[in-house]
Structure formats: C-alpha cells, structure tokens
Amino acid sequence: MSNILVLNSSVSGEASISRLLVADAVTELTQRDPGAKLVFRDLAANPVPHLMPDTVAGVRAQAATPAEQVARALSDELIAELRAADTIVIGAPMYNFSVPTTLRSWFDYVLRAGETFSYSEAGPKGLLSGKKVIVVESRGGLYSEGPAQALDFQEPYLRQLLGFIGLTDVTFVRAEKIGYGPDARDQALADSRAELAKLAA
Ligand SMILES: Cc1cc2nc3c(=O)[nH]c(=O)nc-3n(C[C@H](O)[C@H](O)[C@H](O)COP(=O)(O)O)c2cc1C
C-alpha cells in the first residue's frame with residue numbers, strides 16, 4: 001500500500017485547471033493502487049502561514065518561544081507527511097511567472113537543515129529519496145517553447161526546491177495557454193490528461 005501526498009495551491013476553486021488535473025492524477029494513481037492512503041493539503045483554503053519575525057526561528061533555528069514552537073510543530077507535521085509519502089502530487093499554477101506564495105510558504109517549512117537536507121563539505125545534500133513527484137503546472141501563457149521560455153521561473157524553481165531535499169524523480173505535466181480561450185484550454189486539459197494516463201500506465 002502506498003502513501004500519496006496531494007498538495008493544491010490554486011485560489012480558483014472549481015474553475016481551477018490544476019485542481020482538475022491533480023484530481024485526475026489521484027484517480028489514475030488510486031486506480032492502480034486502490035489501497036493507497038491519501039493525505040490532502042489545500043494550501044489555498046488552509047494556508048501555511050508565512051514565516052515571520054516571531055516564528056522564523058522555529059524552522060530555521062531553535063524553537064524557544066510559544067510562537068516558535070507552534071511553527072516548529074507545523075514544520076514537523078508537514079515534514080512527516082512528506083517523509084511518509086511514496087508519491088507526491090503538487091498542483092502548481094503559475095502566478096507572476098513563479099508559484100503561488102502559499103506553495104512557497106509550504107517549502108519554507110519543509111526545507112529544514114538536519115531534517116530534509118544537510119550541509120557537508122561537498123555542499124548541501126538532500127535527505128529524502130525514493131519518492132516520485134508529479135507536478136501539475138497550469139499557465140495562462142506558453143512557456144515550454146517560444147519567446148516566453150526565459151520567463152519560466154516556475155518549473156526551474158520547483159525543480160531546484162524539490163531537488164534540494166533529494167526529490168529528483170519529478171515529472172512536470174504542463175497545462176499551457178489556459179488564457180488563450182476555451183479551445184486552447186480544452187486542448188491543454190486533454191493533452192495533460194493523456195500525459196497523466198500515460199504516467200499511470
Ligand atoms: C495572481 C495570478 C497571477 C498569474 N500570473 C500568470 C503569469 O505570470 N503567467 C501566466 O502565463 N499566467 C498567469 N496567471 C494565469 C494562471 O497561470 C492560469 O489562469 C492558470 O490556469 C492558473 O491555474 P489554476 O487554473 O489551477 O488556478 C496568473 C493568474 C493569477 C490568479
């Protein structure tokens with residue numbers, strides 16, 4: 001039985017393309033493994049709070065004050081979910097050429113020295129391994145080819161964040177040109193669904 005961690009971060013509710021595709025990915029994965037245990041984190045409905053002056057030490061240093069201890073406990077919980085997962089499905093819309101701040105905030109809590117990465121003489125080392133990650137990227141425009149390619153601060157950034165903690169088996173499913181009208185949107189959905197089905201096969 002596998003464990004699947006599912007993160008959503010779109011603020012667009014039922015209109016969200018990434019949420020639709022994340023749900024499809026979960027359906028495909030659970031069809032393959034009906035006993036899979038699912039853990040859902042909706043980072044838009046229940047945001048992980050931004051690290052603040054009174055909480056940052058809880059994640060980046062020693063947790064001394066009550067506020068720091070609360071941040072540490074949340075970081076522990078999020079890291080435990082990540083460690084337990086065999087597969088992680090991430091819904092990542094492109095917001096302002098990168099990821100929603102809610103998703104970025106989740107990373108602030110799970111990239112923790114001594115827990116998910118360590119420093120060595122050879123540089124930082126990711127401590128998580130053996131996990132598959134599927135990232136659904138929804139974008140208004142086209143970034144995988146053409147003139148806007150250099151403006152994609154979403155996929156390289158996510159690859160770096162995940163790789164930094166040892167998550168290197170990452171598949172990106174891109175739903176692009178969502179803002180180009182209903183036909184383009186439908187085509188993007190169909191193409192991404194076909195990719196997800198192939199991934200599960
Ligand atoms: C705050 C915000 C910023 C956005 N910034 C970009 C952007 O920089 N580039 C882009 O192509 N689309 C941008 N979009 C459009 C979304 O990427 C697109 O609507 C996508 O479908 C959002 O994912 P969702 O449908 O899962 O919510 C933005 C949308 C929002 C709400």
Degrees, to the nearest 10: 101-110 long Cα axis against longest axis of the chain
40 degrees
Counting Lys +1, Arg +1, Asp -1, Glu -1, what net charge surrounds Glu137 among other residues with beta carbon under 15 Å of its beta carbon?
+1
Hand me the tally of lysine pairs in the chain: alpha carbons under 22 angstrom apart, and the pair either on different chains or 8 or more positions apart.
6
Round to the nearest 0.05 the FRET efficiency obtained for Glu77 and Thr101 when R0 = 22 Å and r is the Cβ-Cβ distance.
0.65
Segment 3-200: relative contact order as a whole-number percent, Cα under 8 Å and 6+ apart:
23 percent
Looking at segment 3-200, what % of its DSSP beta bridges pair antiparallel, to the nearest 5?
15 percent
Out of Gln69, Ala194, Met94 - ranked by how far each Cα lies towards the positive end of the dipole of the chain, with unit charges on the beta-carbon of charged residues - the top one is Gln69
Quick check: residue separation of Lys37 and Ala148 times 0.36 nm, minus the Cα distance between them. What number comes out in nm?
36.1 nm
Nearest 10, in degrees from 0 to 90: the angle of helix 155-164 to the longest Cα principal axis of the chain is 40 degrees
So how much slack lies between Ser120 and Thr30, counting 0.36 nm per residue of separation and subtracting their Cα-Cα distance, in nm?
28.6 nm
Per its Cα gyration tensor (rounded if a/c is under 1.5, else prolate when a/b beats b/c, else oblate), segment 119-201 is best filed as oblate
Computed over the chain: longest principal axis from alpha-carbon atoms vs helix 66-84 long axis, angle to nearest 10 degrees, is 50 degrees
Taking 0.36 nm per residue of separation between Thr168 and Met1 and subtracting their Cα-Cα distance, the length gained on full extension comes to 57.9 nm
In the chain, if the dipole is taken from +1 on Lys/Arg beta carbons and -1 on Asp/Glu beta carbons about the Cα centre, which of Val48, Leu142, Tyr119 is farthest to the positive end?
Tyr119
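Bear in mind these aren't lab numbers, they're just calculated from the coordinates by the rules spelled out. Not measured: the values here are computed from a predicted model. We place every Cβ from the backbone using ideal geometry, glycine too, and count neighbours over all the protein chains shown.
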